[in-house]
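> Quick one: this structure, given as structure tokens, is what I'll be asking you about.
Bear in mind that the values in this text are calculations on the coordinates, not laboratory data. None of the values given here were measured: they were computed from a predicted structure. Here Cβ is always computed from backbone atoms with ideal geometry, including for glycine, and neighbour counts include all displayed protein chains.
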Amino acid sequence: MSVTAVIGAQWGDEGKGKIVDFLAQKADMVIRFNGGPNAGHTIHNEFGKFALHLVPSGIFNPKTICIIGNGVAIDPKILIEEIESLQQKGIECLNLKISTKAHLIMPWHPLIDSFQEQSRGKEIGTTRRGIGPVFADKAIRVGLRVEDLLDENKFPQKLLEVYSHGQNILRGTNWYSNEFAYNRVLEKYLFYRTKFLPYIEETEFLIWEAVAERKNILLEGAQGTLLDLDFGTYPYVTSSACTAAGASQGSGLPPTAIDEIIGVVKAFPTRVGSKEQPFPTEMPKSVADPLRKMAGEYGSTTGRPRRIGWFDALLVKYSAKINGFTKLAITRLDNLTGLKTLKICYGYRTPDNKIISTLLMRGLTFSDLNQVKPLYYEIPGWNKFPKKCKKFSDLPSQAQFYLEVIEKMVGVPIKLISYGPERNQIIVK
Ligand code: IMP
């Protein structure tokens, strides 16, 4: 048995869904532990192409128990639509379990999110799914949890308790509409209740049982370490814990039970959100634009074009330190085909001419990242990429070298290499 956490090492969109879908073929349990419908995990497999926002990527294996953990914020409408669209494609979702302790996104949360984006001095470029406001309400203890849906008779009172809080904030925005009248919200959430009931569980108990029975468990992270509320590029971060530590907190699985922590990196990092967000290795438009088009680098939740950069080994090393990565999985290696030269950032030059090249962030804040000049190690690219690669030595020799340099700089072995969207386009090293 093993318990493995799959964690984004950059700013999300690293391809965690593909890695979890691949590993889930042998998993007894997959647990989503953070984020909410801001995530979009893209998966191509024998059932088709899917962009999952809330349902764990293990859902395609009917033997795998899929848990939406307490650390996830759930928009009931989005989750129900997702379950129904999976069911239409023949995926029954009978193995889905929703934690009683997960928080519910209420209709006002996305609106407050949009309003705060406009009224905040700096635009963060959120997905406007209500993530900041729902986690803020959780922290100030005015949130509704999935368990509040269980008792139909008590729910109206529970809703009333959070309702006036939500309405007070909403009124301040002048965006109040009848859609938010108490009775309408009550009716909607009682309907969601009927849809949710078959899935609600005290999931931490299922997880402890699975650990005791030495089952294979996967923890599926959303977003990435550099978007983590504490360790990411604050304030340009999300509002949940995206790290391996968050995997415990957001599921109830004891930290000591985790055996492997896989950091997922994309061969070229991307970012979505406002332009002010620091991204030291961002590529010039002339390189980024064709790569974005060819690789389809647009947000799977919002459709926004992603900014694209060269591999930043310093930031990934920082992620490796925070998470204690035991392995790396690299994705989208094939998309770099055709670039004459590839750059890997090994250090930064600060405006006062200091070189930062080993452990980042000592004496450098994340906002300083907008001022630094990246220092690159340049290697030749490759022109052709084979359609099928079974082993490391099947890769173009320059691609092998690219991976070896990254491994050396980050100090963590690359054990999974994904070179295409399909489930079988992966090398296990
Ligand atoms: P929020 O999570 O919607 O509040 O957005 C906060 C920041 O995190 C924004 O810059 C988003 O673009 C970014 N973000 C949130 N979820 C994802 C994701 O799944 N992939 C990439 N970026 C994300």
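> Just to be sure before I move on: is LYS195 within 16 Å of the ligand (Cβ to nearest atom), surrounded by 13 or more Cβ atoms within 10 Å (Cβ to Cβ), under 26 Å from the mean Cα position of the chain (by Cα) and in a helix (DSSP H, G or I) in the structure I sent?
When the stated conditions are applied, LYS195 does not pass them.
> In this structure, is LYS266 charged (D, E, K, R), in contact with a Lys or Arg (Cβ under 9 Å, 6 or more places away or on another chain) and either under 26 Å from VAL372 (Cα atoms) or within 14 Å of the ligand (Cβ to nearest atom) (or both)? Talk me through it step by step, then tell me what you get.
Values: charged (D, E, K, R): yes; in contact with a Lys or Arg (Cβ under 9 Å, 6 or more places away or on another chain): yes; either under 26 Å from VAL372 (Cα atoms) or within 14 Å of the ligand (Cβ to nearest atom) (or both): yes.
Yes.
> Return the total of residues in region 3-26 being away from the ligand (no atom under 16 Å from the Cβ), more than 16 Å from LYS63 (Cβ to Cβ) and buried (at least 24 other Cβ atoms within 10 Å of the Cβ).
Result for region 3-26: 2.
> For the subset of region 275-326 comprising residues that are in a strand (DSSP E or B) and among the hydrophobic types (A, V, I, L, M, F, W, C), which member is nearest to the ligand (Cβ to nearest atom)?
Taking region 275-326 first, the residues in a strand (DSSP E or B) are 282, 298, 305, 307-309, 311-312.
Keeping just the survivors that are among the hydrophobic types (A, V, I, L, M, F, W, C) gives 308, 311.
Numbers: ILE308: 13, PHE311: 17 Å.
Residue satisfying both the conditions and the ranking: ILE308.
> Within region 167-182, is even one residue part of a loop (DSSP other than H, G, I, E, B), among the aliphatic types (A, V, I, L, M), closer than 23 Å to LEU197 by Cβ and more than 16 Å from the ligand (Cβ to nearest atom)? Reasoning before the result, please.
Looking only at region 167-182, we keep the residues that are part of a loop (DSSP other than H, G, I, E, B), and these are 174-177, 181.
Among the residues that remain, those that are also among the aliphatic types (A, V, I, L, M) are: 181.
If we keep only those that are closer than 23 Å to LEU197 by Cβ too, we end up with none.
Checked region 167-182: no residue is part of a loop (DSSP other than H, G, I, E, B), among the aliphatic types (A, V, I, L, M), closer than 23 Å to LEU197 by Cβ and more than 16 Å from the ligand (Cβ to nearest atom).
> Considering only region 71-87, state which residues are surrounded by 24 or more Cβ atoms within 10 Å (Cβ to Cβ) and either part of a loop (DSSP other than H, G, I, E, B) or among the hydroxyl-bearing types (Ser, Thr, Tyr) (or both).
Within region 71-87, GLY71, VAL72, ASP75 qualify.
> With a cut-off of at least 1 residues that are basic (Lys, Arg), name the strands (runs of 3 or more DSSP E) lying wholly within region 351-429.
On the way: elements: 373-380, 414-418, 426-428.
The strands (runs of 3 or more DSSP E) meeting that bar are 373-380, 414-418.
> Shifting gears a bit: Select from region 33-71 the residues that are away from the ligand (no atom under 12 Å from the Cβ) and under 13 Å from the mean Cα position of the chain (by Cα) and list them in ascending order. Even if it seems obvious, please write down each step before you answer.
Just the residues of region 33-71 that are away from the ligand (no atom under 12 Å from the Cβ), to begin with: 33, 43-50, 55-71.
The answer is PHE33, VAL55, PRO56, SER57, GLY71.
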